[in-house]
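The values are calculated or read from the model by the stated rules, or taken from the named source; none is laboratory data. Remember, predicted model here, so these are calculated numbers, not experimental data. In this analysis, Cβ positions are derived from the backbone assuming ideal geometry, glycine residues included, and neighbour counts consider all displayed protein chains. With ligands, DNA and RNA removed, areas are computed over all heavy atoms of the protein, side chains included. Shrake-Rupley method; radii C 1.70, N 1.55, O 1.52, S 1.80 Å.
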Amino acid sequence: MNKRSSFFIFIAVLTVLVTGGIAAQETPPKDIVELQKAAKQGDPQAQCDLGACYHEGKGIAQNFAKAKKWYQKAAKQGNVAAQTNLGSLYYYGHKGVTKNYEKSVALIRKAADQGYAEAQHNLGVCYYSGTGVPKDDTAAASWFQKAADQGYSFSQNFLGICYENGIGVPQNDAEALNWYRKAAEQGDAIAQGNTGNCYLYGTGVPQDYAEAEKWFAKAAEQNSADAQYWLGYLYSGGMYSIEYEGSLKASFNKGLYNHEIPLEGLDKIISKDYAKAVNWYHKAAEQGCVEAQYNLGVCYANGWGVAKDPSQAGNWFEKAAEQGDPAVQNGVANTYREGIGDQKNPERAVHWYQVAAKSGNADAQKNLGSCYLNGEGIQKNPSKAVGWYKKAIAQGNAEAEELLWDYYCTCDKDQEAMRWLRKAAKRGDTSAQVLLGGCYEEGMGTRKNFEKALYWYKKAAGQGSVYAQCYLGDCYLEGKTFPQNDAEAVKWLRQAADQGDASAQYKLAQCYVQGKGVPKDDAAAFTWYRKTAEQDDFLAHGELGQCYADGKGTSKDNVQAYYWLSSSNLSIPNIDLDKKIAEIATKLSPDELVSVSFKLAEHFNSKHDYNEDRIKKVREWYLIAAEAGNDAAKLKLAHSYNGPDWIRDNVKAYMWFTLAGNSEDIIKKKQALAAHMTPEQIAEAEKMAQEWASKK
């Protein structure tokens, strides 16, 4: 997993000593005049400082030849800073100074051998990049270590990179973080960003979003575009965890910068704030951060933290695409293809698909093929579609292979379809193996041949295809296509279940209940029902609830029984189950009923899958908790009447906000709500709140 942003890429730069506090001027100031006088009198430090002034154009017109002249004078007198700076001049080459890596390394080494930290760092860079010396990661890390031990922040950060990536030293995340922090605490912005990323990923330290935010903020304040991007990422709740509308979800899932960060619990530590996210994305985007430019486009497209503006969204998408990354270009094209807001632009989509496809991006080649096939944004041309599909297939793009196969099938080109399918299946593509098995089973494009169908299904299943494993399990369990064989069914269902497939887990649990292919085992059945239920399989919720209610395979537990049976009944209503739940409720203590009701309400509220019956039940659960004095439940009820996905009722929303407390946040919410209410409605809500409170 490529989990690092541009923070973490080695940039082979040499550090240069510069004079401080002297502004560039046309006429040399008094400080420079004094410096020139001292340098001409042979003072090596003055000669070095004067060279640095010419080098950087500080206090005097920039002149690399004169910088070289004064560095040479100081270097001959053994001044290590001058030796290092002269080495830098030769390393880069400038007007009046010919690039010469051999001279550069010789000078830098001379200073490094005398213990000069900047030179030790620069020599490490030379060894890492293989510039002027053979590439040698071990030597690079060794020189970084020497400089880092002297407190040189550049080297401390580079040494952290070495430890994190195992460059010249054994890989060690904890040691990496140790060196990042040393540099970060000295104010090194890149190291601060690296430290933030360690906390974000949990690299060498337990994951800690608050610490990540702190370090990103320090780096962002120093104008680090990467840190600004990551702050935006955090304040947006993790852009890639957002439920995108249409193409925005597809484009992010299919080829941009999916950092694959586990963001569980982020919203409990850092409140989602799109306005803040947009602010930081803007700062990073203005500096050319491509991820920020794309995410800013997404924010404008959806109206997250900023007024919805398809024109601005398109502007930022274009900027991101123009930076030349084919994956970004493909993502931008996906967005244009499906639409920014309500506005589709298939012609612009084709443009960026073409640019990315010509750069060799397989997804773009596949997508361009589909545009040609369907005439989206370009004249329909099936032969060109096939050509682009084949280019994508040559790079191993399985989706393109399936699309080509599907095209051949729809055109009644069965032989071509089977040829591509067999080719992909023999190469080991499990999707193709499953499809080929289906062709032999159904007689599509070939004669029916159950033996060959079974061969290809097993081939795919043996390579880990969950679909094939489940299908084989079903076939053997039901005696469909192949003779019934409960033991074989359990074998394949278990393999799919072990990979987390909820359907296979549920069927395996039933095999243990019924003793099909395995001995009856209530405990094993309970275990598999539990795994399935945790994936929100509502049939499994009911079975698990019965296990807790009856004490089958586990200890009897009325609280758990109430929770799981209630969850199942809300999704799959059943009158008999209603009675069972009501009976169990009488066995719960008031505190238990309040706790489990709030837990149920929170679970279904988090799903954002609303219908009238579900809204009613969730409110009932929150009400049970609210009546017991749970302020969090009161606030949730207020939001339920005020939220966009619920059946709105401003009066009841205002009432529950009033009952929820007097925090600054609640007061602001009431004020915002009051702006959409009449005085009579506000008075009614306040009266209802007083009456409700008096009853409690």
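Against the criterion of being of a type in the set (D, E, K, R), touching a helix residue (DSSP H, G or I) at 6+ places or on another chain (Cβ under 6 Å), open to solvent by 10 Å² or more (accessible area, probe 1.4 Å) and within 30 Å of Lys37 (Cβ to Cβ), Glu118 qualifies.
Being within 16 Å of the chain's Cα centre (by Cα), surrounded by fewer than 21 Cβ atoms within 10 Å (Cβ to Cβ) and not acidic (Asp, Glu): is that true of Tyr209 here? So Tyr209 fits the description; yes.
Each residue in the range 127-150 was checked for being open to solvent by less than 30 Å² (accessible area, probe 1.4 Å) and either without any contact (Cβ under 8 Å) to a residue 40 or more places away in the chain or among the basic types (Lys, Arg) (or both), and 7 of them qualify. Could you check how many residues of the range 571-590 are within 18 Å of Ala633 (Cβ to Cβ) and touching a residue at least 12 places away in the same chain (Cβ under 8 Å)? Final tally of qualifying residues: 3. Gly314 falls short on exactly one of the conditions (1) touching a residue at least 60 places away in the same chain (Cβ under 8 Å); (2) touching a strand residue (DSSP E or B) at 6+ places or on another chain (Cβ under 9 Å), and that condition is (1).
If you go through the range 382-431 and keep only what is of a type in the set (Ser, Thr, Tyr), out of contact with any helix residue (DSSP H, G or I) (no Cβ under 7 Å at 6 or more places or on another chain) and over 17 Å from Lys366 (Cα atoms), you end up with just Thr410. Evaluated against (1) of a type in the set (Gly, Ala, Ser); (2) part of a helix (DSSP H, G or I); (3) touching a residue at least 24 places away in the same chain (Cβ under 8 Å), Gly553 falls short on exactly one condition, (2).
Take the residues of the range 325-352 that are farther than 18 Å from Cys371 by Cα and open to solvent by 40 Å² or more (accessible area, probe 1.4 Å): which is modelled with the highest pLDDT? Once the filter is applied, the top-ranked residue is Asp325. Scan the range 266-291 residue by residue and report those that are open to solvent by less than 90 Å² (accessible area, probe 1.4 Å) and among the β-branched types (Val, Ile, Thr). The answer is Ile270, Val278, Val290. Which residue is modelled with the lowest pLDDT, if the candidates are limited to the range 594-607 and must be part of a helix (DSSP H, G or I) and surrounded by fewer than 19 Cβ atoms within 10 Å (Cβ to Cβ)? Restricting to residues being part of a helix (DSSP H, G or I) and surrounded by fewer than 19 Cβ atoms within 10 Å (Cβ to Cβ), the top hit is Ser606. When residues in the range 353-385 are screened for being more than 31 Å from the chain's Cα centre (by Cα) and either surrounded by 20 or more Cβ atoms within 10 Å (Cβ to Cβ) or among the acidic types (Asp, Glu) (or both), 3 of them pass.
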